[in-house]
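The values are calculated or read from the model by the stated rules, or taken from the named source; none is laboratory data. Quantities reported herein were computed from a predicted structural model and do not represent experimental measurements. Glycine gets a Cβ as well: all are built from the backbone with ideal geometry, and neighbour counts include every protein chain shown. Protein only, heavy atoms only, side chains kept; ligands, DNA and RNA dropped before computing areas. Shrake-Rupley method; radii C 1.70, N 1.55, O 1.52, S 1.80 Å.
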Amino acid sequence: MVTFIGRRWTQLGMVAMVCLAGACGSAPRVEVVDLLITGGRVLDPASDLDAVRDVAVSDGEIVAVSELGERRFEAAEVLDAAGRVVAPGFIDLHAHGQDLESSRFQARDGVTTALELEIGVYPVDPWYASREGRALINFGASVSHQGARRASFGSLVATRNGEGTFSLGDAAQADAYLYDPVPDEELGRLARFMVGGLDEGALGFGFGISYTPGASHEELWHLFAAAAERRAPVFMHLRSAAAFTAGGALAPFQEAVANAAGTGASLHIVHMNSSAGAAAPEALALIRGAQARGVDVTTEAYPYTASASRIESALFDSWVGRPEADYERLQWVETGERLTEATFRAYREQGGWVITHGRDEETNEWIVSQPDVIAASDGIPFADGRAHPRGAGTFARILGHYVRERGALSLMDGVRKMTVLPARRLETIVPAMASKGRVQVGADADLTLFDPEQVIDRATYDEPDRYSEGIVHVLVSGTFVVRDERLVDGVTPGQAIRAGS
Ligand SMILES: [Zn+2]
């Protein structure tokens, strides 16, 4: 009893002391915010923060990341995130699906920013204008080498023919911009076409060299130099290994890295998994070696053993006349059927998307496990629910299958390669990207909340139109685009990601 009283007095004494110190009078002020996400496990790879925190959002921005109860908020909405990971919204540097149907699959896979950097667009301005105010998630593109070549060839052929028009009907001329070399005296003009795209806000130069076999080594060198001069990154689908007489998968990597080293251009090599195949360890060693010697080169991969491309493209020129068995590896996207030589020829005439199976899973998993290889989907546009599953499941597949089920990499490394690493890749040309890919005060409220125990991809080669599971809430600039694993209709918070912004 005495003890109690005595203890009681001691306690009162303590409180008095604290008040004297002026602490108890000033209760933490109440901060009015739009949204309070409470009790979630915040993963911020940029700072290596991995802890339960309150995250407050106002006007599309993160205004607080604080210990539970440390600060007092009055929020228009409180979201209980217990058991969820609160991560930065996923940034996809390689997304060809830039329409609403494709964006819906990406949003359900946790993507808040999807960019067309490999092939790019041309001209640039109208592409951006056509999406302003209508986009579900953030969007952006590079200036297309293929498109600029087409424009320069168009006016070139028109000049030559003296007719002033460029007729697509004329097959030979129609393909010239893909297969013919650009005359040296025209290289300057082609470079001006591409730099013009940068002036319109493009995020760099986009090359699909395997699709434009006419582009010489000199042309590439010239255009790398033009990009370097503008400090614009180069996004590159490498030249086909078959184009190098010595052969071997490394030669295309060597060409690109040498151009970056020689011009000072920043280089991002797309889908190193499909470009390197089994030579992935050597290709990555080459990239890391160049990085260690000051070359600004990065790379990415998608977590699947099959690729996808247009069947009428130059990529399939070498498939004509192959043994029948080879065609079995090809799967027609529209129908899901496997091809024969006869159907290959027929579809090549018609044109369309085809999936090529055949890479090994062991190398695939090794590539995904590399923390410095950025995660990027290379998603192709969905059409009536048909596409390659990578456009719907890339990010959930990495977090669910490779992180949780296979233990191939840590959750933090998994989140890092789909958030801050792609953001950093763009910061030289888009300083505003420093506000993305982070869960930090001042960052954009692009957030993906997922259940680390449930997250998994569901899309398959036969059923690509299946949404990922376990991606619970997705916010773009503080606006829900996914809530409780359901798409939110009628919202278009997606903003343009443009150079200089
Ligand atoms: Zn590609």
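Residues in the range 199-227 that are under 16 Å from residue 122 (Cβ atoms), open to solvent by 10 Å² or more (accessible area, probe 1.4 Å) and away from the ligand (no atom under 16 Å from the Cβ): 199, 200, 226. Exactly one residue out of 366, 353 is surrounded by 15 or more Cβ atoms within 10 Å (Cβ to Cβ), within 28 Å of residue 426 (Cβ to Cβ) and not assigned by TED's automatic domain parsing to the domain that holds residue 113: that is 353.
For the range 104-111, the criterion of a residue being more than 23 Å from residue 465 (Cα to Cα) and either in contact with a Lys or Arg (Cβ under 9 Å, 6 or more places away or on another chain) or acidic (Asp, Glu) (or both) is satisfied by no position.
Residue pairs whose Cβ atoms lie under 9 Å apart, separated by 6 or more positions or on different chains, with the first residue in the range 325-343 and aromatic (Phe, Trp, Tyr) and the second assigned to a helix (DSSP H, G or I), are 327/319; 327/341; 327/342; 327/343; 327/344; 332/343; 332/347. Based on this model, can you work out whether residue 320 counts as at pLDDT below 95, open to solvent by 20 Å² or more (accessible area, probe 1.4 Å) and more than 16 Å from the ligand (Cβ to nearest atom)? So residue 320 fits the description; yes. Checked against (1) open to solvent by 70 Å² or more (accessible area, probe 1.4 Å); (2) more than 25 Å from the chain's Cα centre (by Cα); (3) modelled with pLDDT of 70 or more, residue 20 meets all criteria but (3). Can residue 92 be described as more than 16 Å from the ligand (Cβ to nearest atom) and surrounded by 24 or more Cβ atoms within 10 Å (Cβ to Cβ)? Taking the combined requirement at face value, the residue does not satisfy it.
Take residue 391 and tell me if it is open to solvent by less than 50 Å² (accessible area, probe 1.4 Å) and either of a type in the set (Ser, Thr, Tyr) or modelled with pLDDT of 95 or more (or both). Against the criterion (open to solvent by less than 50 Å² (accessible area, probe 1.4 Å) and either of a type in the set (Ser, Thr, Tyr) or modelled with pLDDT of 95 or more (or both)), residue 391 qualifies. The conditions of being more than 17 Å from the chain's Cα centre (by Cα) and open to solvent by 70 Å² or more (accessible area, probe 1.4 Å) are met by residue 462. Candidates are the residues of the range 291-317 that are open to solvent by less than 10 Å² (accessible area, probe 1.4 Å) and more than 23 Å from the chain's Cα centre (by Cα); the one that is farthest from residue 350 (Cα to Cα) is 316. In the set (1) in the same structural domain as residue 215 (by TED's automatic domain parsing); (2) more than 15 Å from the ligand (Cβ to nearest atom); (3) surrounded by fewer than 18 Cβ atoms within 10 Å (Cβ to Cβ), residue 381 fails one condition alone, (2). Checking each residue in the range 392-416 for being of a type outside the set (A, V, I, L, M, F, W, C) and in contact with an Asp or Glu (Cβ under 8 Å, 6 or more places away or on another chain) picks out 393, 394, 397, 400, 401, 402, 404, 406.
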